[in-house]
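Below: one structure in structure tokens.
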Amino acid sequence: MKRILIAALALFAGAAVAQQKPLVAGVDGTFAPHAMPKLGGGVEGFNIDMINEAGRRMGRKIEIFAGEFSGLIPAMQSGKLDFVGAPTTVTPERAKQLLFSEGYLNTYYQFVVGAKKPDLKSLAELKGKTVASNKGSAYDKWVQDNAAKLGVKAESYGTNADAMQAVISGRADAALSGNTTAAYAVLRSNKQLKLVPLKVDEGLVWGAAFRKDDAATRNAFENAIECMKLDGTMAKLHQKWFGTKPEKGSAAVTVFPGYGVPGMDGYDPKQHKPNCK
């Protein structure tokens, strides 16, 4: 009887340890101001704060893995990461392979050029130019998909910072990135870059990405970010890292019905009320 009790206690202890196993979140550690190196080591940024706060509300410790964006989804699919916490544009193609949380930020594509170069006002003005982007990102895919039609040369770089540096050095005429990262890159470029009027808005959002078989973690994470929207935490992070308040009705302050992104594969329309502690 004593041996049975000891064995049962051991199993219970093992289960408790397993439940407390940290979740490993992948980010692009050069994608400022969402995730970027900080003095003293590690990374910081909007997504780092959001992920850690979501983990606290989930009752799970979070470990951050920083790598190139193009390698994050393969690493998650192979089981090395539990989810991708880097800003990941939710597209129909990606939604066929991944589960997404609801959107936490709206995203549109923003062009950046050298500070002394003429503004770009139309896609036609890109003809004959070289456009840089972050390899594996939605912006990279857009450039690759439209290169022939627009008559541009598409160049992919391992990090967003490298794509911006290509413009500064003259290896590229323009770079395409997300609106928040483009604005931050310009801010930190020491007046070597500028935003131009030309942008591409396809009504997309950023979400966290999970494996197709891990709806439980996706739903728990989504519950946490919904509570962050409701109590104003997400708006505070938006102000902290982007310098502006989120627009009324934007993804940063809107709790969407169901789990995931409405209209995309993997969306679960089941109604739920966020369980906020």
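In segment 113-144, how many are assigned to a loop (DSSP other than H, G, I, E, B) and within 14 Å of Ser70 (Cβ to Cβ)?
Total satisfying the criteria: 3.
Can we say Asn47 is touching a His at 6+ places or on another chain (Cβ under 6 Å) and either buried (at least 19 other Cβ atoms within 10 Å of the Cβ) or on the phi < 0 side of the Ramachandran plot (or both)? Even if it seems obvious, please write down each step before you answer.
Values: touching a His at 6+ places or on another chain (Cβ under 6 Å): yes; either buried (at least 19 other Cβ atoms within 10 Å of the Cβ) or on the phi < 0 side of the Ramachandran plot (or both): yes.
Criteria met by Asn47.
Sticking with this structure for a sec: Specify which of the listed residues (Lys135, Lys141, Lys153) is of a type in the set (D, E, K, R) and over 23 Å from the mean Cα position of the chain (by Cα). Step through it out loud before you land on a result.
Numbers: Lys135 fails: over 23 Å from the mean Cα position of the chain (by Cα); Lys141 fails: over 23 Å from the mean Cα position of the chain (by Cα).
From the options Lys135, Lys141, Lys153, the qualifying one is Lys153.
Anything in segment 141-154 that is buried (at least 16 other Cβ atoms within 10 Å of the Cβ) and touching a helix residue (DSSP H, G or I) at 6+ places or on another chain (Cβ under 9 Å)? List them, or say none.
Scanning segment 141-154 gives Lys141, Val143, Asn146, Leu150, Val152, Ala154.
Yes/no per residue for (1) assigned to a strand (DSSP E or B); (2) buried (at least 20 other Cβ atoms within 10 Å of the Cβ); (3) modelled with pLDDT of 90 or more:
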| residue | (1), (2), (3) |
| --- | --- |
| Ser156 | yes, no, yes |
| Val167 | no, yes, yes |
| Ser177 | yes, yes, yes |
| Thr180 | no, yes, no |
| Lys191 | no, no, yes |
| Val196 | yes, no, yes |
| Ala216 | no, no, yes |
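Conditions (1) modelled with pLDDT under 95; (2) hydrophobic (A, V, I, L, M, F, W, C); (3) within 30 Å of Asp140 (Cα to Cα), marked per residue:
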residue: Ala7; (1), (2), (3): yes, yes, no
residue: Ala18; (1), (2), (3): yes, yes, no
residue: Ala35; (1), (2), (3): no, yes, yes
residue: Leu39; (1), (2), (3): yes, yes, yes
residue: Asn47; (1), (2), (3): no, no, yes
residue: Met50; (1), (2), (3): no, yes, yes
residue: Glu63; (1), (2), (3): no, no, yes
residue: Ser70; (1), (2), (3): yes, no, yes
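Tell me the residue from Ala147, Ala124, Ala163 that is hydrophobic (A, V, I, L, M, F, W, C) and under 17 Å from Asp28 (Cα atoms), please.
Numbers: Ala147 fails: under 17 Å from Asp28 (Cα atoms); Ala124 fails: under 17 Å from Asp28 (Cα atoms).
None of the others qualify; the one that does is Ala163.
The values are calculated or read from the model by the stated rules, or taken from the named source; none is laboratory data. Please read these numbers as outputs of a predicted model, since none were measured by experiment. All Cβ positions, glycine included, derive from the backbone under ideal geometry; neighbour counts span all protein chains shown.
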